[in-house]
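In what follows, a structure is listed as structure tokens, so that the remarks can point back to it.
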Amino acid sequence: MSDQPLLETRHLSKNFGPVQALSDLSMHVNAGEVVALAGDNGAGKTTLIKAISGVYRPSSGQVLLKGREVSFSSPQEARESGIETIYQDLALADNLSIGANIFLGREPMTKKFGFLPVLDRKKMADAARSTMALLDFHVNRLDAPVSNFSGGQRQAVAIGRAVYWNAQVLIMDEPTAALGVPEQRKVISLIHQLKAQGRGVIFISHNLQDIFAVSDRIVVLRRGVMAGERRISDTSHDEVVKLMVGG
Amino acid sequence: MNEAPPASSGHVSPPADHADKSRTLVQRIADLRAWLFLAALVVGFEIWSRTAFGGTFIFNPFNITSIAIFAVAPLLLATGQTFVIISGGIDLSMGFIMGLAAVVAAHVINWAAPTMGEPMAVLFGTLVAVAIAMIPGFVNGLLVSRLRVPPFIGTLGMFGVARGVAFLLAGGTTVPVKNGFFAALGNGRFLGIPWIVIITALFVLVMHYILSQTRFGQHNYAIGANEQAARRAGIDIKRHLLRLYILSGICAGLAGVLYAARFTAGAAQAGEPLLLDSVAAVVIGGASLFGGSGTIFGTVAGALVIAVIQYGLVFINVEPFWQFISVGVVIIISVLIDQAQRRISGGRQSE
Ligand SMILES: Nc1ncnc2c1ncn2[C@@H]1O[C@H](COP(=O)(O)OP(=O)(O)O)[C@@H](O)[C@H]1O
Ligand SMILES: [Mg+2]
């Protein structure tokens, strides 16, 4: 089991008409491992994660989850198999509470007066409290709409939702891009938590500092192909930049 | 296609009102603004009434009942409109769907009474009228959800269609109903309260329950705040929107039936002036036209504000045109408060 990667792509390609956005890409993530995806704009990073998470169907190649080939026709299917993508724009309903966001689309119900079905807000609030505590993230206003929270806290809510539904692989597209420096630190420490819980994390970042702070390995893409793969402990900023720009 | 824009852009939805109990004082006051308006209006009219006529305004049961009856039809439209506006849409066709339902109810009740007897004919006519009202709602839903027509345009088209069909069915005139049971329903009372007010109150409670306690209501808020987020969470947006506009049609249908009961006649133009009142009630009640926020109880207050203004101005003998001006001013003030509130709640809480 442990010698088998949690998630793996083999010879994955995706073209949009004549544009070869991704070609012959093989990579993997192990449980408890953080893999950074780096590369210049247009290198194919977003295309790769969308091909993994069911947004795009790969033109060719395979995606394997725990050694078994999978083929998702929607992000919902990928999520049900334990692959959760956290998008840059967070995909939260700003006007709802943390709990309501965690349960969005699968709200728990309870019975009032023994017959009237009503939303189980207590269960939602309890789940919000325990999940956020698990991420070592403490908010004092659990009932407040998430629009009241800072960018890092909202990022934590999105991650918390994935954790609550027991995602095994978390994919994040530039999770720190829209945040200030203290908030970036928070998110980096969240990624450490996920790693410690034995989940696999793939994250895209332009920020080498973040990448070196949190990842175990780095995969560099250039024009849709693998430009290099390094263990973080065996590489340097300079080398990564060289891989990114080529030559 | 490429990367999504950063989260910092665009508008921030003000909070939905049900889940969050720990809001700031400013937000609470802003949320209660419709009730505060209402209280201020009532006090104003009371003072005027006492100084000008030496009598009471609001402690007179006749006035209260009249205001409640006044509020019935606009409130029924406004409850449906509340759902639609929270979802980020608008339903402009409700007024003529109401007219259509009133005409259908009148015809069917007249037609069925000889065979079914009066009470059964009323029940049957009500069901048929509401069912017919669901059809334009269904078409609105299809236009908005499947064909991606903007709600403003799609329901404006349906405004025209429902209007034309209603006038055609009515033969260009009003359709009188000869049915004692229906007349009693429209004008009778139970423990001093008009039946149509009781029916409306019960219906409004059900709508409050749907909005605040069910998945449908919860999804409605989510879609209004961030449709993409709702879709990613696995909510079937198309199905939701379809059911939403059908619900809006049902509200208009019930309003049409109660109109026909009150006037013992169906008229195609029954709801014509009420559409704007219904939107106004929703906005005064605290919903944001950007979607994502609003409550049924807020809308109740909004509808009462409008009814009190309209009835109160008649009561104190002011020229009726002042109604338009005062309702208009209240709408504008409400929107200004909404925007101020949006600015306040848009500020993120620091850690
Ligand atoms: N939906 C699409 N249709 C056509 N071309 C696309 C689409 N998505 C991405 N591309 C192209 O594929 C290439 C890789 O894009 P992308 O994966 O977004 O790169 P990155 O995320 O690394 O910046 C770019 O040349 C881009 O223009
Ligand atoms: Mg990208």
Which of the following residues is closer than 29 Å to B:Gly188 by Cα, without any contact (Cβ under 8 Å) to a residue 12 or more places away in the chain, of a type outside the set (Gly, Ala, Ser) and surrounded by fewer than 24 Cβ atoms within 10 Å (Cβ to Cβ): B:Leu276, B:Leu247?
B:Leu276
Tell me whether region B:294-304 contains one or more residues that are under 23 Å from B:Thr155 (Cβ atoms) and among the hydroxyl-bearing types (Ser, Thr, Tyr).
yes
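This table checks each residue for (1) under 30 Å from B:Leu169 (Cα atoms); (2) at pLDDT 95 or above; (3) surrounded by fewer than 16 Cβ atoms within 10 Å (Cβ to Cβ).
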residue: B:Lys21; (1), (2), (3): no, no, yes
residue: B:Val84; (1), (2), (3): yes, yes, no
residue: B:Phe96; (1), (2), (3): yes, yes, no
residue: B:Leu100; (1), (2), (3): yes, yes, no
residue: B:Met116; (1), (2), (3): yes, no, yes
residue: B:Leu123; (1), (2), (3): yes, yes, yes
Can you confirm whether region A:178-187 contains a residue that is over 11 Å from the mean Cα position of the chain (by Cα) and in contact (Cβ under 8 Å) with a residue 60 or more places away in the chain?
yes
How many residues does region A:1-50 hold that are within 9 Å of ligand 1 (Cβ to nearest atom), among the hydrophobic types (A, V, I, L, M, F, W, C) and not in a strand (DSSP E or B)?
3
How many residues are hydroxyl-bearing (Ser, Thr, Tyr) and either touching a residue at least 40 places away in the same chain (Cβ under 8 Å) or closer than 16 Å to A:Ser23 by Cα (or both) when one looks only at region A:215-247?
1
Can you find, within region A:55-112, the residue that is most open to solvent (accessible area, probe 1.4 Å) among those that are basic (Lys, Arg) and within 14 Å of chain B (Cβ to nearest Cβ)?
A:Lys111
Taking the criterion of being away from ligand 2 (no atom under 16 Å from the Cβ), of a type in the set (S, T, N, Q) and in contact with a helix residue (DSSP H, G or I) (Cβ under 9 Å, 6 or more places away or on another chain), would at least one residue in region A:76-88 satisfy it?
yes
Within region A:58-72, considering residues that are in contact with a Lys or Arg (Cβ under 7 Å, 6 or more places away or on another chain) and of a type in the set (S, T, N, Q), the one nearest to A:Val29 (Cα to Cα):
A:Gln62
Could you list, in sequence order, all residues of region A:173-209 that are within 16 Å of ligand 1 (Cβ to nearest atom) and either out of contact with any His (no Cβ under 9 Å at 6 or more places or on another chain) or not hydrophobic (A, V, I, L, M, F, W, C) (or both)?
A:Asp173, A:Glu174, A:Pro175, A:Thr176, A:Ala178, A:Ile202, A:Phe203, A:Ile204, A:Ser205, A:His206, A:Asn207
What is the one condition in (1) under 20 Å from B:Ile135 (Cβ atoms); (2) buried (at least 24 other Cβ atoms within 10 Å of the Cβ) that B:Gly285 does not satisfy?
(1)
I'd like to know if region A:143-150 contains one or more residues that are more than 9 Å from every other protein chain (Cβ to nearest Cβ), open to solvent by less than 20 Å² (accessible area, probe 1.4 Å) and closer than 30 Å to A:Val220 by Cβ.
no
Filter region A:173-206 for residues that are within 16 Å of ligand 2 (Cβ to nearest atom) and farther than 19 Å from A:Glu229 by Cβ and give the result.
A:Asp173, A:Glu174, A:Pro175, A:Thr176, A:Ala177, A:Ala178
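The values are calculated or read from the model by the stated rules, or taken from the named source; none is laboratory data. Owing to the predicted nature of the structure, the values given are computational and were not obtained by experimental measurement. Glycine also receives a Cβ, built like all others from the backbone with ideal geometry; neighbour counts cover every protein chain displayed. The area values use the complete protein model at the heavy-atom level, side chains included, leaving out ligands, DNA and RNA. Shrake-Rupley method; radii C 1.70, N 1.55, O 1.52, S 1.80 Å.
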